[in-house]
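The values are calculated or read from the model by the stated rules, or taken from the named source; none is laboratory data. On a predicted model such as this, the values are computed, not experimentally measured, just so you know. Cβ atoms come from the backbone with ideal geometry, glycine included; neighbour counts cover every protein chain shown. Each accessible area value is taken on the protein alone, full model and side chains, heavy atoms only, with ligands, DNA and RNA left out. Shrake-Rupley method; radii C 1.70, N 1.55, O 1.52, S 1.80 Å.
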Amino acid sequence: MQHLIKDGQIIKDDPWQLFESTDAQGLPGNALLPVRIWTDFGHELAESSLPFGAYVCEDDDYTELLPFLANLQIIAFKFGKFADGRLFTFARLLRMQYKYEGEIRAIGDFLPDQVNFLQRCGFTAFCCRTENEMQTALSVKDHFTEQYQSDTRLAEPLFRRRTV
Amino acid sequence: MYVYDSYDQQIVDQRVAQFREQTDRFLKGELAAEEFLPLRLQNGLYIQRHAPMLRIAVPYGLISSTQLRRIAYISRKYDKGYAHFTTRQNIQLNWPALEDVPDILADLAEVQMHAIQTSGNCIRNTTTDQFAGVIADEIEDPRPWCEIIRQWSTLHPEFAFLPRKFKIAVNAATSTDRAAIRFHDIGLQLVKNETGDVGFQVFVGGGLGRTPIVGQEINAFLPQQHLLSYLEAILRVYNLKGRRDNKYKARIKILVKALGVEAFSTLVDEQWQLIKDGAETLTASEIERVKSHFVDPAYDQIQDQTEALAQLRFNHPAFDKWIQRNVESHKKTGYAAVTVSLKKPGYAPGDATAEQIDTLANLADSYSFGELRVSHQQNIILADVKQSDLFTLWNALNALGLADATVGTLNDVICCPGGDYCALANAKSIPIAEAIQVKFDDLDYLYDLGDIDLNISGCMNACGHHHIGNIGILGVDKKGEEFYQISLGGDSGIEGQVGKILGPSFKAEQVPDVLQKVIDTYVEKRQENELFIDAVHRLGLEPFKERVYATSH
Ligand code: SF4
């Protein structure tokens, strides 16, 4: 049973599955593949008629995915430890520097309390650990209605928007 | 000082509501302790040895009398009626109950205060010179820049889970550095280029802790409008590359050292080019808007009171000493900046009672335009006092027991809370400070010794900045027993030097005598008018070692 929020909505019938093996034989469609498989077989995957995604862990080099961004409907970032903030920057750079427009999904060990900041860094989907956490995430994700900085959702920092 | 508008207030209010909700969930058992931990730390709440400790932000050390009264009120209502001023220009409450913290934060928000990012692995309170804006020797007032950084770093979505804490300091004075910028993750020195434009000389990778390192320059002149994009580039490189496998190697200083400053700055430049001239480029109107909050107060056009003061000083030797040690000259004629020493034998350095805090707030209203500053030496500054009011002010402080004329002397100890309060401590620090203050309590003797920074930390985390004290004392644990390691020659100023360890460590009861020997050596060997720190640098450690470790006759 997954506890997925996507673009602010609960999604019950999401087809994407985490595929954790590095054995590239007979890959099912809608698999979120490790970076390693994209590095080794990216060009074949790009030509396949099946849809494939990717998942990235903190120690992975997500830039290996850059040649295939156009083929990736979804990139999932898998949190090993919620206190490791690298994935926030990965997502931000993917949006800002590499103009990736597909889905960026948080999976693994993140907290509902982080969803607000994750959204601001470019994440659009959140696969929560439990039903409870999903409900919390929904209720706290837009807790802040104002912010100082620009980010992937708001192009201008407060100082450019402030009316005195 | 900076006054919130509806946007600033809204952000702080929503932060309070968010924390209230998180605390509720934790108390209901829906949030695990280790998950609540980073959430509460980002709001300044530690669970300490005896009780939670709440660290309240005093942005760049500036606080109004109204805010200070609120601190006194909170300390009475929720705590034991006193507060602690820290070496990072913040305020700590040592005994609040967890359940009360959301209410405390709401009380703070009413007076435009908060505890956001006063702890945790995020960007902390930006600090600066306690005399910012009132001294003549200044490129320009650094406080607007600190406020600009405060806003940018507050609830920054990308940098809330850094490898480790991150501290930025700004200095604008040209001949001194009271903000110790070379010992911060990022140090910003305001500078003017040949064409008279104001910008920043940027240092990176300084810090204390286990591995004290002096920050290195990575940009000789950063034009001011690029400040935020450049900071963002540095933070981004750090967030990506900083070590996360070992918390003692996680500070940016280790990364800069490992990569070398050249390679590090290349990475920063790469990131910077992506965002330079982007949305975070500061606009002239924003810089003006923030600066407009820091214009001079309504100073009277008055003359210096040198002669009237000379007479009073002659008649009142204690007042004379206080003027010498605790009063700083001011950019405006007829005014002075007064340091109120919060160091008193028998009290923890930086502690003040609610009554003292209230009275200080009243004094600020009467004599200093209702504003105060907290210095990293854990003292309070009234920055805009008329010279003609100095004698009355001194009398008022005297009545409070706050007129000790010891600022800058050996008695003006910087000291972390140590083993009495802090769960991380290896050893107590406050009793050491007290023992030293008791031993060196003769004012004339202290004045003869002149400026000596004595800094004490209860463990390697170096909250008492022991590395950069002219004399540094560090609590260490030897097989469960408390010992103290002594170092000499540290300097937090423009020279930026880390002290050198004298030798094997001492037991608590030996420390005052060891210090006496160090001081005796200085007194014997000093040249005319030579400061302690200069004598240590000239002589080296040898003569001090010889005296301290000489086998007794
Ligand atoms: S230096 Fe150590 S003992 Fe002192 S306050 Fe910091 S962590 Fe605690």
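Overview of results
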read-out: Those aspartates and glutamates that a straight Cα-Cα span of less than 16 Å connects to B:Lys478, excepting residues fewer than 8 apart in one chain; value: B:Glu509
read-out: For segment A:106-140 versus segment B:1-39, the gap between their alpha-carbon centres in whole angstrom; value: 17 Å
read-out: Spherically averaged projected area in nm², based on the convex hull that wraps the Cα atoms of segment B:127-293; value: 9.8 nm²
read-out: Residues of the protein assembly as shown: accessible area per residue with a 1.4 Å probe, Å²; value: 39 Å²
read-out: Peptide-level mean, for A:139-151, of C-beta atoms on other protein chains within 10 Å; value: 6
read-out: Cα-based convex hull, segment B:458-497, per residue volume (Å³, whole number); value: 55 Å³
read-out: Percent carbon-and-sulfur accessible area, segment B:159-261, ignoring ligands, DNA and RNA, probe 1.4 Å; value: 46 percent
read-out: Relative contact order, percent, chain A [alpha-carbon distance under 8 Å, six or more residues apart]; value: 20 percent
read-out: Protection-proxy order for peptides B:411-423, B:72-84, each taking the mean of Cβ atoms within 10 Å per residue, highest first; value: B:411-423, B:72-84
read-out: Compactness of chain A as Cα Rg over 2.2 N^0.38 Å, two decimals; value: 1.07
read-out: Estimated FRET transfer efficiency (A:Asp109, B:Glu217; beta-carbon r; R0 56 Å; 0.05); value: 0.90
read-out: Estimated 222 nm signal from helices in the protein assembly as shown, with DSSP H stretches of n ≥ 4 weighted -39500 (n - 2.57), rounded to 500; value: -10500 deg cm²/dmol
read-out: Fully extended contour minus Cα-Cα distance, from B:Ala97 to B:Arg20, at 0.36 nm per residue; value: 26.4 nm
read-out: Ordering of B:381-389, B:8-16 by packing [mean C-beta count within 10 Å, highest first]; value: B:381-389, B:8-16
read-out: Rg ratio (alpha-carbon, reference 2.2 N^0.38 Å) - chain B; value: 0.95
read-out: Segment B:6-109, relative contact order [Cα under 8 Å, separation at least 6], %; value: 30 percent
read-out: Bins of 10 Å from zero: percent of alpha-carbon pairs in segment A:97-149; value: 24, 51, 23, 2
read-out: Cut-off 11 Å between beta-carbons: net charge of the residues surrounding B:Ile218, Lys and Arg +1, Asp and Glu -1; value: -3
read-out: Cα centroid separation - segment B:191-236 against segment B:121-143, whole Å; value: 14 Å
read-out: Label-point separation in nm, B:Asn246 to B:Glu524, each point 7 Å along Cα→Cβ; value: 4.2 nm
read-out: Averaged over A:88-100, number of beta-carbon atoms from partner chains that fall within 10 Å; value: 3
read-out: Under 22 Å, Cα to Cα: Lys pairs in segment A:3-161, sequence gap 8 or more or different chains; value: 9
read-out: For B:Asp304, solvent-accessible area (1.4 Å; no DNA, RNA or ligand), Å²; value: 80 Å²
read-out: Sequence-distant residues sharing a close amide H with A:Tyr55 (under 5 Å, placed H); value: A:Leu33, A:Val35, A:Ala76
read-out: Within chain A, longest stretch free of exposed trypsin sites (Lys or Arg not before Pro) [DSSP loop, at most 10 other beta carbons within 10 Å]; value: A:13-98
read-out: Relative contact order computed over segment B:175-239 (Cα-Cα under 8 Å; 6+ residues apart), in percent; value: 28 percent
read-out: Along principal axes, Cα extents of the protein assembly as shown, largest first, whole Å; value: 95, 63, 58
read-out: Gap separating the Cα centres of segment B:492-553 and segment B:270-337, nearest whole Å; value: 35 Å
read-out: Cα-based reach from B:Lys276 at 18 Å (exclusive), listing aspartates and glutamates while leaving out same-chain residues under 8 positions away; value: A:Asp151, A:Glu156, B:Glu158, B:Glu232, B:Glu286
read-out: In segment B:306-400, lysine pairs closer than 17 Å at Cα, eight or more apart or cross-chain; value: 4
read-out: Estimated buried accessible area (total), pair B and A, 1.4 Å, Å² to nearest 100; value: 3800 Å²
read-out: Under 19 Å from B:Lys192, Cα to Cα: lysines that are on another chain or at least 8 residues apart; value: B:Lys291
read-out: Residue mean of other protein chain beta carbons inside 10 Å, A:80-87; value: 6
read-out: Orphan Cys of the protein assembly as shown, criterion: no other Cys C-beta under 4.7 Å; value: A:Cys57, A:Cys121, A:Cys127, A:Cys128, B:Cys122, B:Cys146, B:Cys415, B:Cys422, B:Cys459
read-out: Karplus (6.51, -1.76, 1.60) ³J(HN,Hα), θ = phi - 60°, over segment A:18-32, in Hz, Gly and Pro reported as x; value: 6, 10, 8, 7, 9, 7, 8, 7, x, 5, x, x, 6, 8, 8
read-out: Segment B:48-187 - share of DSSP beta bridges that are antiparallel (%, nearest 5); value: 50 percent
read-out: Karplus-derived HN-Hα couplings along segment A:147-164 (A = 6.51, B = -1.76, C = 1.60, θ = phi - 60°), whole Hz, x at Gly and Pro; value: 7, 7, 8, 7, 7, 6, 9, 10, 6, 10, x, 3, 5, 8, 10, 4, 10, 8
read-out: Most to least accessible of B:Asp100, A:Asp151, B:Asp442 (protein chains only, probe 1.4 Å); value: B:Asp442, B:Asp100, A:Asp151
read-out: Computed FRET value (nearest 0.05) for B:Glu355 with B:Ile139, which takes r as the C-beta separation and R₀ as 35 Å; value: 0.35
read-out: Neighbourhood charge, 15 Å Cβ-Cβ cut-off, centred on B:Ala310 and excluding it, Lys, Arg +1 and Asp, Glu -1; value: -1
read-out: FRET efficiency for A:Ile11 and B:Ala298, using Cβ-Cβ distance with R0 set to 56 Å, rounded to 0.05; value: 0.40
read-out: Rounded D (µm²/s) - segment B:108-223, Kirkwood Rh over Cα pairs, Stokes-Einstein at 25 °C, 0.890 mPa s; value: 164 µm²/s
read-out: Mean Cβ count within 10 Å, highest first, over the residues of peptides B:290-296, B:213-219, B:153-159, B:505-511; value: B:153-159, B:213-219, B:505-511, B:290-296
